[in-house]
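Beneath this line is the structure, given in structure tokens, with notes to follow.
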Amino acid sequence: MPAPQNLNIVPFVSVENMMDLVLSIGVETFLLELCTYVEEDFARWESFDKTPRVASHSHDGVIELMPTSDGNLYGFKYVNGHPKNTKSGRQTVTAFGMLAEVESGYPVLLTEMTILTALRTAATSAVAAKHLASKGARTMAIIGNGAQSEFQAFAFKALLGVDHLRLYDIDPTATERCRKNLEAFGFKIDTCRSAENAMEGVQIVTTATADKQCATILTDNMVGPGIHINAVGGDCPGKTEVHRDILLRSEIFVEYPPQTRIEGEIQQLPAEHPVRELWKVITGVDAGRVAETQITLFDSVGFATEDFSALRYVRDKLSASSSFQNLDLLADPDEPRDLFGMLIRHQARMAAAPI
């Protein structure tokens, strides 16, 4: 991507641009490369500014800002979560994000992040499972076959070799759509009649439901020894998927404890309940899975460093891509202190323009 000739220009990646970029790279390659960026940034966790996301909750959903910085670049994402949106033809989750230079404060990338969030969530899940799932795990249940399901399947296939899927959703049409979307990509796919049925013979389960409520997608009797639980759907206060008894007999791994204790599955547990941080596992400070019979649970709520990784990856890929637009976003007067003069000169040009 050539450097902008004018300081007013910021590269903008639209939804169409993002789809072009992902498909030109290839979905699996994109996810594999993104996994590398996510893992790299978890490995330098201590270099980031960290804060729980700034959330505005309502009865209908949540709107959030997710900021972080590594001292050189600053990134943030705007994201919503409104489970009822599908009833009116809207997405449950939409997002956009920005990356900026810390030195100048100038943005260097503005991008859609609805598609990118689905990709980074799946990449993060796969990175966690790389360290927490049983070695050689190839069969995964996906309970909740909404917008995230195919991305999860691709990420686990790309990074771990998962090629057998057992799908279940309370809406059979969602399961059928997911099956059709994935059938040409080398998966063995079983569509299941219940969540209990989906859990038969799996080593990994991904829960990715959308309802904003304290649900029980997994009950204690469904989870046997050695399972890795990738709990994706619980991501705000009052929204959970896993029965408390499962948590009590699992080794729980989280991104950022102050945020996860508010929004994740562990909101069901006392504040002092012990959890392990994913970055410590990735860097070798703490252990991941230590026994084949151990139940591991990644309480994934999504954290700003993962969005930072995705923004950083997209910016790097644009250097060899035309999948962006030059957006006239920043005022750039000839004299930095003469912003009003810029307005007057524009008025003069408007007056001189032919009608």
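The values are calculated or read from the model by the stated rules, or taken from the named source; none is laboratory data. All of these numbers come straight from a predicted model, not from anything done at the bench. Positions of Cβ are backbone-derived with ideal geometry, glycine not excepted, and every protein chain shown enters the neighbour counts. Surface areas here come from the heavy atoms of the whole protein model, side chains and all, with no ligands, DNA or RNA. Shrake-Rupley method; radii C 1.70, N 1.55, O 1.52, S 1.80 Å.
Which residues, taken from segment 218-240, are without any contact (Cβ under 8 Å) to a residue 40 or more places away in the chain, part of a strand (DSSP E or B) and out of contact with any Lys or Arg (no Cβ under 7 Å at 6 or more places or on another chain)?
Within segment 218-240, just Thr240 meets the criteria.
Looking at Ala158, Ala184, which is the one that is crowded, with 18+ Cβ neighbours inside 10 Å, of a type in the set (A, V, I, L, M, F, W, C) and modelled with pLDDT of 95 or more?
After applying the criteria, what remains is Ala158.
Given the criterion buried (at least 23 other Cβ atoms within 10 Å of the Cβ) and either more than 16 Å from the chain's Cα centre (by Cα) or within 30 Å of Phe308 (Cβ to Cβ) (or both), identify the matching residue among Asp163, Asp169.
Answer to the selection: Asp169.
Can you name the residue in segment 60-87 that is at pLDDT below 95 and small (Gly, Ala, Ser) and is also surrounded by the most Cβ atoms within 10 Å (Cβ to Cβ) among such residues?
Among those that are at pLDDT below 95 and small (Gly, Ala, Ser), it is Gly81.
Could you check, for segment 262-280, whether at least one of its residues is outside any loop (DSSP other than H, G, I, E, B), touching a Cys at 6+ places or on another chain (Cβ under 7 Å) and at pLDDT below 95?
Looking for residues that are outside any loop (DSSP other than H, G, I, E, B), touching a Cys at 6+ places or on another chain (Cβ under 7 Å) and at pLDDT below 95, one finds at least one in segment 262-280, hence yes.
Identify, by number, the condition in (1) modelled with pLDDT under 95; (2) in contact with a Lys or Arg (Cβ under 6 Å, 6 or more places away or on another chain) that Gly97 doesn't meet.
Only one criterion in (1) modelled with pLDDT under 95; (2) in contact with a Lys or Arg (Cβ under 6 Å, 6 or more places away or on another chain) is unmet by Gly97, namely (1).
Which of the residues belonging to segment 219-266 are of a type in the set (Ser, Thr, Tyr) and closer than 25 Å to Thr305 by Cβ?
Thr240, Ser250, Tyr256, Thr260 - these are the residues of segment 219-266 that are of a type in the set (Ser, Thr, Tyr) and closer than 25 Å to Thr305 by Cβ.
Could you check, for segment 33-52, whether at least one of its residues is part of a loop (DSSP other than H, G, I, E, B), aliphatic (A, V, I, L, M), open to solvent by 30 Å² or more (accessible area, probe 1.4 Å) and closer than 27 Å to Phe151 by Cα?
no
Name the single residue that is surrounded by the most Cβ atoms within 10 Å (Cβ to Cβ) among those in segment 233-278 being among the hydrophobic types (A, V, I, L, M, F, W, C) and closer than 22 Å to Asp60 by Cβ.
Cys236
When you check Val290 against the structure, is it open to solvent by less than 60 Å² (accessible area, probe 1.4 Å), of a type in the set (Val, Ile, Thr), under 25 Å from Lys130 (Cβ atoms) and not in a strand (DSSP E or B), yes or no?
no
Which condition does Glu16 not pass, out of (1) touching a residue at least 12 places away in the same chain (Cβ under 8 Å); (2) outside any strand (DSSP E or B), if it passes all the others?
If we test Glu16 against (1) touching a residue at least 12 places away in the same chain (Cβ under 8 Å); (2) outside any strand (DSSP E or B), just (1) comes out false.
Test of understanding: among Arg312, Arg345, which residue is basic (Lys, Arg), within 30 Å of Ile204 (Cα to Cα) and surrounded by 11 or more Cβ atoms within 10 Å (Cβ to Cβ)?
Arg312
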